[in-house]
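Shown next, in structure tokens, is the structure this report addresses.
The values are calculated or read from the model by the stated rules, or taken from the named source; none is laboratory data. Just so you know, these numbers come straight off a predicted model, no measurement behind them. Don't worry about glycine lacking a Cβ; one is built from the backbone with ideal geometry, like all the others, and counts go over all protein chains shown. Accessible surface areas use protein heavy atoms only, side chains included; no ligands, DNA or RNA. Shrake-Rupley method; radii C 1.70, N 1.55, O 1.52, S 1.80 Å.
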Amino acid sequence: MTCGSNMTILNTLYLTNSVLTNALLTCGGNLTVTNSGTNSGAFYVYSGMTNSTWPNYGGLVRVTGDVFVASNSYIYPYSHPTNGGSVFFSVRNLTLASNGAINATGLGYAGVVGTNGLGPGRGYMKDDWVGSGAGYGGAGGAGGGTGPAGGTTYGSSNAPVDPGSSGGGSKPGGVYKQGGNGGGSVRIQASQRVTVNGAISAAGNAAGGSYGGGGSGGGIYVHCREFCGSGTITAIGGNGGHPTAGGGGGGGGRIAVWREYDHSSGLTNYVTGGTGTVSGGLGTVVFVLIPHKGTIISVR
């Protein structure tokens, strides 16, 4: 979709990508996601596959101007459920109003019914009944009893472009269930300012059955000149299916914020692992202060 000027999403818009290099949306002005009456504004963006070289994303949302997400309005960036390709947002300014959000909870690698999870940090199913939690920033928790080991960590703490992995499946009462989905990927490149007064979330989902593993938290990667706001950034792991004798918890995800100026106040971030027979490990949080541009004078 191409829009040469300002664009407003009043109710719901779905965009799906199946080609690696195509932009899902090119907006020449400002993009506003807002509500209309009793309906919340919602922008659903589905990534296509990506490859191992370039581009390292599965869909591009390119906005020349500013993106504003109003209160009770949401952007949902879906990673590819089996390949992990994810959406890349390129904007000038991004503002999330209070109670507005970019929500990628459970939108990473998908859980699979009755078998191992998906993704580099996948959880595993053992003996047809118990699953371990998936890993990403933190390792996944092991399954109960002699259950499988948890999923491993992967990806970059400083540039977390990957989504979270899914947990191992289970078979409670003889019925196969899937492990929890991994958290998705929220990747934002802003030439000027990012303001988070609402929330950015990429949490993993809890297991679908009582002995399954939780999905790992996803990746949140923000790069901007000025970072502001007092909201929340969350990439927690999903809970395992049983607290004492079942699935393991998903590991926490990864959060990285690169900014030249920081005017945030009271901003909170969470990358805790999910609970389970063995809880998932703590994820990673990295805040990098980019050096200011300066002038170099060379005299000889």
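Near the amide H of residue 187, within less than 5 Å, lie the amide hydrogens of 89, 221, all on another chain or at least 5 residues away, with H placed in the peptide plane.
For the pair residue 82 and residue 13, label points projected 7 Å from Cα toward Cβ lie 3.0 nm apart. Cα centroid separation, segment 232-300 to segment 57-135: 15 Å.
Near residue 107, once Lys and Arg are set to +1 and Asp and Glu to -1 for all other residues with Cβ below 15 Å from its Cβ, the sum equals 0.
Amide H to amide H, with H built 1.01 Å from N, residue 285 comes under 5 Å of 255, counting only residues 5 or more places away or on other chains. Summarising the amide proton neighbourhood of residue 12: residues at separation of 5 or more, or on other chains, whose placed amide H is nearer than 5 Å comprise 42. Residue 128 to residue 49: FRET efficiency via 1/(1 + (r/R0)^6), r the Cβ-Cβ distance, R0 25 Å, to the nearest 0.05? Given R0 = 25 Å and the Cβ-Cβ separation, E is 0.20. Whole-Hz Karplus values for segment 31-39 come out as 10, 10, 10, 9, 9, 10, x, 8, 8 Hz, taken residue by residue from phi with 6.51 cos²θ - 1.76 cosθ + 1.60 and θ = phi - 60°; glycine and proline positions read x. Extension gain, residue 71 to residue 56: 0.36 nm times the residue separation minus the Cα-Cα distance gives 2.3 nm.
With a Förster radius of 51 Å applied to the beta-carbon distance between residue 289 and residue 113, the computed FRET efficiency rounds to 0.70. Taking all protein chains together and rolling a 1.4 Å probe, residue 225 ends up with roughly 100 Å² accessible.
Shape analysis of segment 25-109 places it in the oblate category; the axes a ≥ b ≥ c from the Cα gyration tensor give an a/c of at least 1.5, with a/b not above b/c. Subtracting the Cα-Cα distance of residue 262 and residue 146 from their residue separation scaled by 0.36 nm leaves 37.0 nm. Note: relative contact order over segment 60-218, using C-alpha pairs below 8 Å and six or more positions apart, is 28 percent. For the chain, averaging the sequence separation of C-alpha pairs within contact (under 8 Å, six or more residues apart) and dividing by the residue count gives a relative contact order of 15 percent.
Solvent exposure of residue 299, expressed as accessible area, is near 130 Å², computed with a probe of 1.4 Å over the protein chains only. 3J(HN,Hα) along segment 122-134, derived from phi through the Karplus expression 6.51 cos²θ - 1.76 cosθ + 1.60 where θ = phi - 60°, amounts to 3, x, 10, 10, 10, 6, 6, 8, 10, x, 9, x, 7 Hz, with x in place of Gly and Pro. For segment 213-224, putting each phi into the Karplus relation 6.51 cos²θ - 1.76 cosθ + 1.60 with θ = phi - 60° gives couplings of x, x, x, 7, x, x, x, 10, 10, 10, 10, 8 Hz, in residue order, rounded to whole numbers and with x for Gly and Pro. For a straight C-alpha distance cut-off of 15 angstrom, the aspartates and glutamates reachable from residue 177 (same-chain residues fewer than eight places away being disregarded) are 127, 128.
Structural descriptor for segment 1-103: relative contact order 27 percent, calculated from alpha carbon pairs under 8 angstrom and at least 6 residues apart. Accessible surface of residue 49, taken over heavy atoms with a 1.4 Å probe and every protein chain present, rounds to 100 Å².
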